[in-house]
Every structure is written in C-alpha cells, then in structure tokens.
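Derivation of every value follows stated rules applied to the coordinates shown; laboratory data play no part. This structure is a prediction, so every number in the text was calculated from the model and none was measured. In this analysis, Cβ positions are derived from the backbone assuming ideal geometry, glycine residues included, and neighbour counts consider all displayed protein chains.
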C-alpha cells in the first residue's frame, strides 16, 4: 500500500481513495475507500471542502510527477458570507404523472417513496427518542449517533424531494416532539438542496434541523401529545432552550460550529426582535437563517405556537410578508422547495371540489398535484380524483385555501392520514 496526500482538486478518474482528511460532514460520502470511476463522483470529490484526500497508488492512478500534492486552503463554514452561498440555478426539471396509478416528482414516485419514508421515520424515531431521553439526563449527543438518521433522511429526499416532508405533515401517530425533530431535519435538507448547497452541507443542515430543539430535553417540562408536544411555557423559560441546547452539543466536543450556531440562534430575527440574544442581520449565519424558517414553519403548521393548526400555505404567506424577520431570499427558496401549496394543504378547486395537495411539480411550485375528495356544492364525498394541475390543460385550478370547518368533514389530521394512505397504495 502506497498512500499519498493530495488536494481534492487533484483527484482524477481511476484514483483509489483510501480516506478523507477534514471534517467528515464536508463531503457526501459516509464511507471512504472507493475507486473513482465516474464523472459525477469525481466532481463531487473535487468540489468538496476537505483539507486533503488520501489515495492508494497501488490500487489506482497516481498524480503526475510535475503536479505535487498541495492541500487547498479552506474557509471555516461559519465565516463564509451568506451571498456566496445563494445559487440562481433553476430547479431541476421533473415530471409529475397523475394517471391514477403513479405520482412522480423525483426518481422514485412519491407514492412509492411514502413507503420507504415510513420505514426511515420509524427507524429514525427510535434513535431520536434515545438521544432526546439521554439529553434529559445530561448526556450530550455525538455526531456518530445522529449521522445515520440524517443520512437516511437525505437519501429519501434524493429519491423524492417531497415524500418525507409530506409524510411528516400527514403523520400523527408518533410523539409530536420527535416528529418535529424529523420534520425540521427534512425541511432543512430540502431547503439546502433547493439552494444548491453541496451534498455534505445538505447533510450538515439536516443535522442542525434534527438537533434544534435538543435543549428542550433539559427543561423541566412534560412532553405530551398535545399540538407540538410541548405544554405552554413561560416565554422566559422557553427562550432558554436554544442556549441550553447549544451548550449541551458543544460539550460533546465533535459537533460542527455550523450546527452549534443554528441551535443557539434559530429563534433570532433579522431585525433584532428574536430571542434570546436579540441578534441582528449581520450576526446571523446562513444555517441560523435557514433554521429560523424551517422551525417556525413546522411549529406553526402543527399548532405548537398558538394551539391552532395553521394551513401550510398561510404559514408561507406569513413568512413572506415579514422580511424584517426572515431572510426573504431564503424564504423564496423554501417556497420552491415545499411548493406554494405544500403537501397536506387543503384547497378549493374551480370545479367546486375540495382537494388535498399530494405532490409537487418542481417546475411549477404554484401548480401542485391534488386529490379531490369532496364536493362543496353537494356536501358529499366524491370518488377520489387525482389531478396534476401543471399538466391538466385547464381541467381545473386552485381558487384558494379551503376552510374545512365550513364543511361536514373530519379533522384535517384524520383526512391527511386517510388520503396519504390512499396515495401510498397507488403504486
């Protein structure tokens, strides 16, 4: 075995990578030791922010003699400017097929990925509950404990960008506090993906989202089954969880600074009105801005903030109208990631029917796929009809958000679970 240290930019096809040097979260490969055989993997390694790559020249190609190894300098994540990280690349092209049997907004149809996502969520919930309960006893979670959860969520979103978050919006059979942790992690990954962050940083965003509320474990409160899973707290007590969580994670000794910043600052606002530090625009790094949006969105949608479950579309409008609180450019990318009418939203159609959003079109965030199930005119349920609004040639259109309390319908959570179960069977 002959090992050689080179910079990521020197990696070529045919080289055998033995290991990586640098923060393991800055590359998309959770296991090293592989032969670089394709252009996509080559570009991923070259564009990573590792300090160096170790190659085995006995098992693969060597660098040219005239090109000596020289590790490239790196800039700490939290020191990089926000604007550098925003991309104007249009969203990936994708088709939605709604033919009564398949809904496709990614490499894997959402109806099929719902099943995969359920397995991922069930496995992740066990890990997250152990981490959360250990944190209650003062044990700091380590990267190695939560990395597999983030990896599984990231893989699900790569297969279909909407399934896991959609499942979390339609799922109510698990402890709300754990559901919120998984949902926020998925939202952070989806947002990072929409912003074209490198895969390693998308995973880092997912880890930050997963651990945002770990400090809640150290508060003297009961975690219940009510909306959001946390009893109403004195605001002075509640605002402490961000700093408690940051300090707990910092004690582990291996948590990246970007995660620590997001955990400590995810309730801060651009105008300084946030808590507990009252930081302002220039004090807030990219992940903290992203976390503020993803965390607020999920808490508002599940009713943890006011006790009233809000429609996802209304929450998006609320954030869009408050650029003094939330970064407007990141909010725009977030809306692209989840859709103008996110999965689980209930809408009124021009045909007079009530429908639930069940999938998205990456090219048209305002034209999702909906499943019509109720006639507002007759007050009766109708046979389920799935319509891809971006490809229905004017057959129907969204007129606005539906107010379910105006109709003789079950609660929104019940409807979401029933309809998502129907969609999952459409494989």
Could you put 189, 63 in order, starting from the residue whose Cβ has the fewest other Cβ atoms within 10 Å?
-> 63, 189
Decide, for the range 255-300, between rounded, prolate and oblate: order the square roots of the alpha carbon gyration tensor eigenvalues as a ≥ b ≥ c, take rounded if a/c falls under 1.5, and otherwise choose prolate if a/b is larger than b/c, else oblate.
-> oblate
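Rounded if a/c is under 1.5, else prolate if a/b beats b/c, else oblate: with a ≥ b ≥ c from the C-alpha gyration tensor eigenvalues square-rooted, which is the range 104-338?
rounded
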Added length on full extension, which subtracts the Cα-Cα distance from 0.36 nm per residue, residue 61 to residue 332 = 93.1 nm
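Under Stokes-Einstein, with the Kirkwood radius over Cα pairs standing in for Rh, what whole-number D in µm²/s applies to the range 316-427 at 20 °C and 1.002 mPa s? Let's see the in-between values first.
Working: Rh = 14.8 Å.
In µm²/s, the coefficient is 145.
Taking only Cα atoms of the range 140-205, what ratio of Rg to Rh do you get with Rh as the Kirkwood inverse-distance radius?
Working: Rg = 11.8 Å, Rh = 12.2 Å.
Taking Rg over the Kirkwood Rh, I get 0.97.
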For the range 276-343 and the range 35-58, what is the separation of their Cα centres, given in Å?
-> 36
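Exposure proxy check: 16, 341, 178 ranked by fewest other beta carbons within 10 Å? Present the calculation step by step, with values, prior to reporting the outcome.
Values: 16 16, 341 26, 178 20.
The order, fewest Cβ neighbours first, is 16, 178, 341.
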